[in-house]
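> Sharing a structure here in structure tokens format.
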């Protein structure tokens, strides 16, 4: 009996009709935005790691260059010569700018050096790192952000 009767058609005017299709573009947009934020976060992490590595390398090099050789020969004690630290500052800034050119905006790299003790030097590297997705204008983020890293080199002579 029920096999002979035609089934009633559903009305196309149902309010839930097609709502799943409307969610698909929204879902894709959310995935794209989340991917963009992930890429920018990875770029920020890379910039911070590069700045830390550069600061550590420059501090190590500065501890070697700033050795007061005359004082070492006379007394046998290692000491940092402040005049050598100040003389090396512009060279360190140029080296940092070259090393960080891939992640920092050129010309925004700043290097500050300081004598932290008789056998210690401190190097601080700061600058404006590039965003990868931010410059396209559809985000409210600025195209760059600040990054700062510090490193201290301490000499311990064994003998």
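The values are calculated or read from the model by the stated rules, or taken from the named source; none is laboratory data. What you see is a predicted model, and the numbers here were worked out from it, not measured in a lab. Because the Cβ atoms are built from the backbone with ideal geometry, glycine has one as well, and the counts that use them run over all protein chains shown.
> For residue 128, all conditions in the list (1) assigned to a strand (DSSP E or B); (2) modelled with pLDDT of 90 or more; (3) closer than 30 Å to residue 30 by Cβ hold save one; what is the number of the exception?
That leaves (2) as the condition not met.
> Exactly one condition in (1) modelled with pLDDT under 85; (2) part of a helix (DSSP H, G or I); (3) out of contact with any helix residue (DSSP H, G or I) (no Cβ under 7 Å at 6 or more places or on another chain) is not met by residue 70; state its number.
Going through (1) modelled with pLDDT under 85; (2) part of a helix (DSSP H, G or I); (3) out of contact with any helix residue (DSSP H, G or I) (no Cβ under 7 Å at 6 or more places or on another chain) one by one, residue 70 breaks only (1).
> Of the residues 66, 36, 53, only one is under 30 Å from residue 128 (Cα atoms), surrounded by 11 or more Cβ atoms within 10 Å (Cβ to Cβ) and touching a strand residue (DSSP E or B) at 6+ places or on another chain (Cβ under 8 Å); which?
Criteria check complete, one pass: 66.
> Here is a follow-up. If residue 142 passes every condition in (1) at pLDDT 85 or above; (2) surrounded by fewer than 19 Cβ atoms within 10 Å (Cβ to Cβ); (3) closer than 29 Å to residue 34 by Cβ but one, which one does it miss?
Single failed check for residue 142: (1).
> Mind listing whichever residues of segment 80-103 are out of contact with any strand residue (DSSP E or B) (no Cβ under 8 Å at 6 or more places or on another chain), in a loop (DSSP other than H, G, I, E, B) and touching a residue at least 24 places away in the same chain (Cβ under 8 Å)?
102 - this is the single residue of segment 80-103 that is out of contact with any strand residue (DSSP E or B) (no Cβ under 8 Å at 6 or more places or on another chain), in a loop (DSSP other than H, G, I, E, B) and touching a residue at least 24 places away in the same chain (Cβ under 8 Å).
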